[in-house]
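Data first, discussion second: the structure below is written as structure tokens.
The values are calculated or read from the model by the stated rules, or taken from the named source; none is laboratory data. The structure displayed is predicted, hence computed values, not measured ones. Using ideal geometry, Cβ is built from the backbone for each residue, glycine included, and neighbour counts are taken over all protein chains shown.
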Amino acid sequence: MQDLFGHSKIRIYTPEDWPKIWELFQLVAQKGDVFAYDESTSEETAKYLWVLPPSQAYVATIEEQFVGTYFIRPNQPGRGNHIANAGFMVHPQARNLKWGHRLLNHALVQAKKDGYTGMQFNFVVQSNHAALRLWRSAEFQTIGIVPGAFRHAQLGLVDIAIMYRSLATISLTQEKAEGTEKAEKAEKAENGAGTERAERAEILEGDLGSMKDGS
């Protein structure tokens, strides 16, 4: 898939996008390597997580062809709803086109526009090296580790990280959110790391461990 930058965009989700998101969700869940939700997850549960309030979903397209998606939602209800949580998926055919970096950048700016003051990922699987490199290069800090919290399909019990960054330095007018320029280099390095990983769906997320906000 060739990325013609003039024909690529990130836009707000519409109901017509759901079949593509659900298809990608199932593909990622079946892998059992980075997604807390597994192959038994119902479509209703996935839809509640990704596109129904309080989540707000966005989709990425190239010449109107779906290539990825992300959501933003409050990490906690009530007095904790000023901190955002987000989830990201990139289609296998869109790898090597920096979409992980571009979706993250868009999400940081959008979260700032929506009034959030920070972004937190509650469930970053420690064997998901692509996500860790991207988050760290975008100035996310690890604020906690939960030992053995993820049952990896191949590796068994794997630690997960809780990661956070403030949105104070994110400019609403900047083309690239501060801290994500290094993420572009990190993702480029990851994309060249092997054919096997280049053929699978990319999931770059923290909190996919619970359907409820901030659990």
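Step by step: first the residues of the stretch 21-43, then only those that are in contact (Cβ under 8 Å) with a residue 12 or more places away in the chain and among the small types (Gly, Ala, Ser), then the one that is surrounded by the fewest Cβ atoms within 10 Å (Cβ to Cβ). Which residue is that?
Narrowing the stretch 21-43 to residues in contact (Cβ under 8 Å) with a residue 12 or more places away in the chain: 21-22, 24-29, 31-37, 39, 41, 43.
Imposing the further condition that a residue be among the small types (Gly, Ala, Ser) reduces the set to 29, 32, 36.
Numbers: 29: 20, 32: 16, 36: 19.
The qualifying residue surrounded by the fewest Cβ atoms within 10 Å (Cβ to Cβ) is 32.
Among 75, 105, 96, which is the only one that is of a type outside the set (A, V, I, L, M), in contact with a strand residue (DSSP E or B) (Cβ under 8 Å, 6 or more places away or on another chain) and either within 20 Å of residue 124 (Cα to Cα) or modelled with pLDDT under 95 (or both)?
Numbers: 105 fails: in contact with a strand residue (DSSP E or B) (Cβ under 8 Å, 6 or more places away or on another chain); 96 fails: in contact with a strand residue (DSSP E or B) (Cβ under 8 Å, 6 or more places away or on another chain).
Every option except 75 fails the conditions.
Pick out the one residue from 168, 177, 193 that is in a loop (DSSP other than H, G, I, E, B), modelled with pLDDT of 95 or more and out of contact with any Phe, Trp or Tyr (no Cβ under 8 Å at 6 or more places or on another chain). Break it down stepwise before answering.
On the way: 177 fails: modelled with pLDDT of 95 or more; 193 fails: modelled with pLDDT of 95 or more.
None of the other options fit; the residue is 168.
Find all pairs meeting these conditions: Cβ atoms under 8 angstrom apart; at least six residues apart or on different chains; first residue within the stretch 106-122 and within 11 Å of residue 166 (Cα to Cα); second residue buried (at least 21 other Cβ atoms within 10 Å of the Cβ) and of a type in the set (Asp, Glu).
120/207
Report, by residue number, each residue of the stretch 87-120 that is assigned to a loop (DSSP other than H, G, I, E, B) and either on the phi < 0 side of the Ramachandran plot or of a type in the set (Phe, Trp, Tyr) (or both).
Just the residues of the stretch 87-120 that are assigned to a loop (DSSP other than H, G, I, E, B), to begin with: 91, 95-98, 114-117.
91, 95, 97, 114, 116, 117, listed by residue number.
Checking residue 54 against (1) within 24 Å of residue 16 (Cα to Cα); (2) surrounded by 16 or more Cβ atoms within 10 Å (Cβ to Cβ); (3) out of contact with any Ser or Thr (no Cβ under 7 Å at 6 or more places or on another chain), which test does it fail?
(2)
Does residue 8 count as touching an Asp or Glu at 6+ places or on another chain (Cβ under 8 Å), of a type in the set (Ser, Thr, Tyr) and more than 19 Å from residue 120 (Cα to Cα)? Before you say what the answer is, go through the steps one by one.
Details: touching an Asp or Glu at 6+ places or on another chain (Cβ under 8 Å): yes; of a type in the set (Ser, Thr, Tyr): yes; more than 19 Å from residue 120 (Cα to Cα): yes.
In short, yes.
Collect the residues in the stretch 159-170 that are in contact with a Lys or Arg (Cβ under 8 Å, 6 or more places away or on another chain) and surrounded by fewer than 21 Cβ atoms within 10 Å (Cβ to Cβ), keeping them in residue-number order.
Of everything in the stretch 159-170, nothing turns out to be in contact with a Lys or Arg (Cβ under 8 Å, 6 or more places away or on another chain) and surrounded by fewer than 21 Cβ atoms within 10 Å (Cβ to Cβ).
Being over 16 Å from the mean Cα position of the chain (by Cα) and not in a strand (DSSP E or B) is the filter here, so list the residues in the stretch 49-86 that pass it.
Those that are over 16 Å from the mean Cα position of the chain (by Cα) and not in a strand (DSSP E or B): 52, 53, 54, 63, 64, 76, 77, 78, 79, 80, 81, 82.
Find the residue count for the stretch 100-155, including only residues that are hydroxyl-bearing (Ser, Thr, Tyr), within 14 Å of residue 75 (Cβ to Cβ) and crowded, with 19+ Cβ neighbours inside 10 Å.
So in the stretch 100-155, the residues hydroxyl-bearing (Ser, Thr, Tyr) come out as 116-117, 127, 137, 142.
From what is left, the residues that are within 14 Å of residue 75 (Cβ to Cβ) are 116-117.
Those still in the list that are crowded, with 19+ Cβ neighbours inside 10 Å too: 116.
Residues that pass the stated criteria total 1.
Assess whether residue 46 counts as being surrounded by 21 or more Cβ atoms within 10 Å (Cβ to Cβ), small (Gly, Ala, Ser) and either more than 30 Å from residue 148 (Cα to Cα) or modelled with pLDDT of 95 or more (or both). Reasoning before the result, please.
On the way: surrounded by 21 or more Cβ atoms within 10 Å (Cβ to Cβ): no; small (Gly, Ala, Ser): yes; either more than 30 Å from residue 148 (Cα to Cα) or modelled with pLDDT of 95 or more (or both): yes.
Against the criterion (surrounded by 21 or more Cβ atoms within 10 Å (Cβ to Cβ), small (Gly, Ala, Ser) and either more than 30 Å from residue 148 (Cα to Cα) or modelled with pLDDT of 95 or more (or both)), residue 46 does not qualify.
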